[in-house]
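See below for the structure under consideration.
The values are calculated or read from the model by the stated rules, or taken from the named source; none is laboratory data. Everything numeric here is computed off the predicted structure, so don't read it as measured data. Methodologically, a virtual Cβ is constructed for each residue, glycine included, from the backbone with ideal geometry; neighbour enumeration extends over all protein chains shown. Just so you know, the surface numbers come from the protein's heavy atoms only, side chains and all, with ligands and any DNA or RNA stripped out. Shrake-Rupley method; radii C 1.70, N 1.55, O 1.52, S 1.80 Å.
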2 protein chains.
Amino acid sequence: MKIQIRKESLVNALNIAMKAVSMKTTMPILECFLLTADENGLRITANDTELAIETSVDKEGCVIAEPGQSAVEARLFFEIIRKISNDMNSDVSILSDGSIMEIRCENSNFKIQERDPEQFPAIPEVSREKYVSISQFTLKEMIRDTIFSILPNDSNKMMTGELFEVKEGKLRVVSLDGHRISIRNTGLRDDYSPVSVIIPGKTLNEITKILTGEAEKDVNIFFSRNYCMFTFENTKLVTRLIDGEYFKIDAMLSYDYDTKVKVNKSDFIECIERSTVLIRETDKKPIVFHITENSIEMKMNSVIGTMKDELPVVCEGKELMIGFNPYFLLDALKVIDDEEVSLFMTNPKAPCFIRDEDGKYIYLILPVNFNPNMY
Amino acid sequence: MKIQIRKESLVNALNIAMKAVSMKTTMPILECFLLTADENGLRITANDTELAIETSVDKEGCVIAEPGQSAVEARLFFEIIRKISNDMNSDVSILSDGSIMEIRCENSNFKIQERDPEQFPAIPEVSREKYVSISQFTLKEMIRDTIFSILPNDSNKMMTGELFEVKEGKLRVVSLDGHRISIRNTGLRDDYSPVSVIIPGKTLNEITKILTGEAEKDVNIFFSRNYCMFTFENTKLVTRLIDGEYFKIDAMLSYDYDTKVKVNKSDFIECIERSTVLIRETDKKPIVFHITENSIEMKMNSVIGTMKDELPVVCEGKELMIGFNPYFLLDALKVIDDEEVSLFMTNPKAPCFIRDEDGKYIYLILPVNFNPNMY
């Protein structure tokens with residue numbers, strides 16, 4: 001293999017592929033990039049067996065003097081390319097003889113060992129039958145707005161991922177961790193076949209880092225039985241799916257309420273954040289709301305001190321005292337774009353719903369027990 | 001104690017005092033701020049027994065309705081003040097009854113426990129006899145330009161601090177770690193009594209964070225036998241000194257050389273940084289320079305690969321092959337402001353000096369052994 005490529009194009013491609021490089025593994029080949037130079041240009045592949053990324057620099061962006069394939073330690077190769085010159089426009093030459101790769105730029109010259117490209121695991125084929133197409137912006141937002149309520153290391157695999165559900169012209173993304181449920185809905189431009197899959201949280205986190213998030217650029221998501229594939233620009237990302245049936249979400253939702261509160265989101269966040277000052281790792285106290293006609297009184301009592309605050313609100317229905325984990329409220333409130341949010345509650349034991357009128361978002365949060373005599 | 005104070009003034013003062021709050025201690029009082037309200041305003045003190053800081057908001061900046069003293073857990077108090085309102089101009093009321101402190105701002109109200117202010121350790125008195133006065137800018141720079149070659153956790157206490165030496169109208173700051181020496185000199189505006197003290201590195205690190213670094217604002221440094229005191233603006237910082245006699249630096253310096261190299265600093269840094277890509281924690285290889293009439297050829301050979309680079313230079317004297325720990329070169333080069341730097345060397349076993357003609361800086365770096373047949 002013998003190629004010449006502009007440093008900037010290569011750095012951008014490596015940055016993307018790096019997200020699928022395994023960081024701790026007993027299989028050294030999973031710490032590698034596979035470089036493939038052919039008549040189409042240069043393809044860079046990384047694959048940690050859960051998540052695979054293939055991204056390319058097309059033939060306009062590089063000169064393929066001699067096609068071929070090579071596997072090299074990913075982090076080392078990336079660091080060399082990043083540091084080999086200060087000039088992003090400089091040309092980097094890469095020569096591989098199958099055992100030693102030589103990397104040249106201006107006066108600098110690196111030689112590193114190659115690994116056997118044959119050992120590199122193949123990327124699973126994903127059928128292009130079932131799919132949806134949405135804007136990068138929407139996908140990035142939907143993940144960001146729900147990902148906080150997964151449990152990344154839980155033994156219940158369902159909770160480590162997110163439900164992606166295509167039904168009746170809508171995409172619904174759901175995550176839950178046993179104390180709360182986060183739901184985002186978006187309308188689709190076409191009528192797609194129904195799909196219901198669970199995508200690992202790790203994949204979703206990595207994809208938000210790669211997507212530029214532009215509203216005019218689309219992502220296609222293809223679904224097969226065990227894998228799903230995201231394609232956008234020069235990049236293809238294939239991830240294993242989490243096997244099994246997701247929780248029956250609809251049975252947990254309810255639209256009845258006895259108390260509805262409409263509150264300014266920024267002020268609400270500010271008050272709740274203030275209360276967290278009194279929380280210690282070893283002493284997790286709830287924030288207790290006393291909701292009356294025109295205000296929410298907020299209290300936090302912990303071993304280190306007490307807080308009291310008050311916020312004017314518009315309240316419909318019954319007065320209520322209810323306690324929450326303040327961080328669960330903050331997670332949901334911080335990803336809502338609306339200036340005003342509505343909370344729907346029934347009693348101190350029943351879930352609270354934060355939702356909008358159009359059904360774009362629903363955040364269910366379970367309340368926390370507290371001793372009313374202490375507040 | 002009963003005071004009213006603008007949030008911004010209090011936050012700024014707490015930010016400074018926070019640097020002397022003990023983070024891990026068996027004496028809870030060392031985790032506190034001591035607040036003292038009297039006819040002069042509000043004074044905030046922190047003291048971890050090695051380092052003490054006292055900073056104040058004068059009576060123009062606060063209303064002292066009732067003078068008094070109170071001790072409160074520093075991090076908690078600081079967090080409450082930071083979060084109690086989003087408006088930096090809002091007024092915060094602080095009421096202390098000796099056991100509970102109440103902090104109020106707009107609708108928010110916090111109550112936290114106080115500690116016994118009597119237990120708070122007194123700040124040592126430092127005589128104002130011997131001192132120097134230099135600009136904040138110069139002090140901050142001199143510390144930054146030398147602090148990297150202390151050994152913060154060494155059993156040899158001398159190496160955990162820096163020598164501050166006043167002699168013949170000059171201040172000299174020195175640090176060393178057994179492999180290198182960093183020296184900065186600056187001329188003083190007045191003729192001060194000679195002084196030679198060793199100031200703990202921790203203190204110097206904290207003081208660089210507090211100093212605004214303005215060239216027009218001065219710092220006074222007062223020296224006594226066991227302590228030294230820095231005073232600037234509304235702040236007083238007292239630190240214990242390291243006891244003992246510092247290394248005989250002058251005996252280690254030499255102005256003879258057989259090879260002198262003049263090199264563009266940025267290019268030199270870039271090449272050396274490039275070589276560090278091949279260094280692993282377990283395989284610390286030197287960068288080897290082959291210095292000839294018009295160039296430095298640089299090589300790095302490690303288990304993971306090899307690098308070769310070349311830089312044009314102006315060389316006087318003998319050709320030389322010499323190896324260095326690349327990080328030691330980088331530390332020194334990065335704090336030198338000159339565009340061109342000169343290296344003075346004798347042989348592959350003798351120290352290399354990076355110094356300017358005015359004697360403002362001297363960096364001594366010991367070379368590293370290498371097998372010349374490998375390069």
Chain A: relative contact order from alpha carbon pairs under 8 Å, six or more residues apart, as a whole percent, is 13 percent
Partner shielding of A:80-88, taken as the mean number of other chain Cβ atoms within 10 Å, equals 3
The ratio Rg/Rh over the Cα atoms of the range B:231-348, Rh being the Kirkwood inverse mean 1/r radius, stands at 1.11
Nearest 10, in degrees from 0 to 90: the angle of helix B:201-210 to the longest Cα principal axis of chain B is 60 degrees
Computed curve, the range A:167-229, Cα-only Debye sum without solvent term, log₁₀ I(q)/I(0) at 0.20, 0.23 Å⁻¹, is -1.09, -1.39
Probe 1.4 Å, all chains present, heavy atoms only: A:HIS179 accessible area in Å², nearest 10, is 100 Å²
Two pseudo-spin positions, 7 Å from Cα along C-beta at B:SER266 and at A:ASN12, lie apart in nanometres by 2.4 nm
In order over the range A:121-133: 3J(HN,Hα) from phi, Karplus 6.51/-1.76/1.60, θ = phi - 60°, whole Hz, x for each Gly or Pro, gives x, 5, 7, x, 6, 10, 5, 9, 6, 8, 7, 9, 10
Taking a ≥ b ≥ c as the square roots of the eigenvalues of the Cα gyration tensor, with a/c under 1.5 meaning rounded and otherwise prolate when a/b exceeds b/c and oblate if not, chain B is prolate
Once normalised by the length of the range A:279-375, the mean sequence separation of its alpha carbon contacts under 8 Å that are 6 or more apart gives a contact order in percent of 23 percent
Probe 1.4 Å, all chains present, heavy atoms only: A:CYS62 accessible area in Å², nearest 10, is 10 Å²
Filtered hits (lysines, Cα-Cα < 16 Å from A:LYS349, offset >= 8 within chain) -> A:LYS260, A:LYS318
Spelling it out for B:GLU162: with amide H atoms placed in the peptide plane at 1.01 Å from N, the residues 5 or more places away or on another chain with amide H under 5 Å from its amide H are B:ILE199, B:GLY201
Counting as exposed only GluC sites (Glu not before Pro) in DSSP loop states with no more than 11 other Cβ atoms inside 10 Å, the longest exposed-site-free span of chain B is B:61-124
Contour minus Cα-Cα span, A:ARG225 to A:ASP358, at 0.36 nm per residue, comes to 44.7 nm
Shielding of B:302-309 by other chains, given as the mean Cβ count within 10 Å, works out to 6
Rounded to the nearest 10 degrees, the helix A:74-83 long axis (Cα) sits at an angle to the longest Cα principal axis of chain A of 80 degrees
Beyond 25 Å, the calculated P(r) of the range B:108-222 holds a percent of Cα-Cα pairs equal to 34 percent
Here the relative contact order (percent) of the range A:36-142, from C-alpha pairs under 8 Å and at least 6 apart, is 20 percent
With a Förster distance of 25 angstrom and the Cβ-Cβ distance between A:ASN205 and B:LYS334, calculated FRET efficiency to the nearest 0.05 equals 0.15
Filtering trypsin sites (Lys or Arg not before Pro) in the range B:24-101 by DSSP loop and by at most 15 other Cβ atoms within 10 Å leaves B:LYS24, B:LYS59
Rounded to the nearest 10 degrees, the helix A:265-275 long axis (Cα) sits at an angle to the longest Cα principal axis of chain A of 80 degrees
So the FRET efficiency between A:SER90 and A:ALA251, C-beta based with R0 = 60 Å and rounded to 0.05, is 0.50
The FRET efficiency for A:MET23 and A:GLN113, from their Cβ-Cβ distance with R0 = 25 Å and rounded to 0.05, is 0.80
Surpassing 28 Å at the alpha-carbon level, of the pairs A:LYS167/A:LYS202; A:LYS157/A:LYS217; A:LYS130/A:LYS202, are A:LYS157/A:LYS217
Applying the gyration tensor rule to the Cα atoms of the range B:37-194 (axes a ≥ b ≥ c; rounded if a/c under 1.5, else prolate if a/b exceeds b/c, else oblate), the class is prolate
Output for the range A:112-175: trypsin sites (Lys or Arg not before Pro) sitting in coil per DSSP, at most 12 other Cβ within 10 Å, listed by number, reads A:ARG128
Taking only the alpha-carbon atoms of the protein assembly as shown, the convex hull volume per residue, in cubic angstrom, is 202 Å³
Karplus-derived 3J(HN,Hα) from phi for the range A:98-108 (6.51 cos²θ - 1.76 cosθ + 1.60, θ = phi - 60°), whole Hz, x at Gly and Pro, runs x, 10, 10, 9, 10, 10, 10, 7, 6, 7, 8
Site B:LYS284, offset 7 angstrom along Cα→Cβ, radius 16 Å on amide nitrogen, limited to the range B:338-375, gives B:365-370
Chymotrypsin sites (Phe, Trp or Tyr not before Pro) in the range B:225-294 lying in a DSSP loop, each with at most 13 other Cβ atoms within 10 Å of its Cβ, come to B:TYR255
Shortest first and in nm, the label-point separations between A:ILE100 and its counterparts in the other identical copies (7 Å out along Cα→Cβ) come to 7.8
Hits in the range A:74-112: amide N under 17 Å from the 7 Å Cα→Cβ extension of B:ASN294, namely A:107
Accessible-area order for B:ASP309, B:ASP331, largest to smallest, probe 1.4 angstrom, reads B:ASP331, B:ASP309
Which of B:ILE296, B:ILE143, B:ILE100 fluctuates most in a GNM of chain B (C-alpha springs under 10 Å)? That residue is B:ILE100
Rounded to the nearest 10 Å², the 1.4 Å probe accessible area of A:CYS315 is 20 Å²
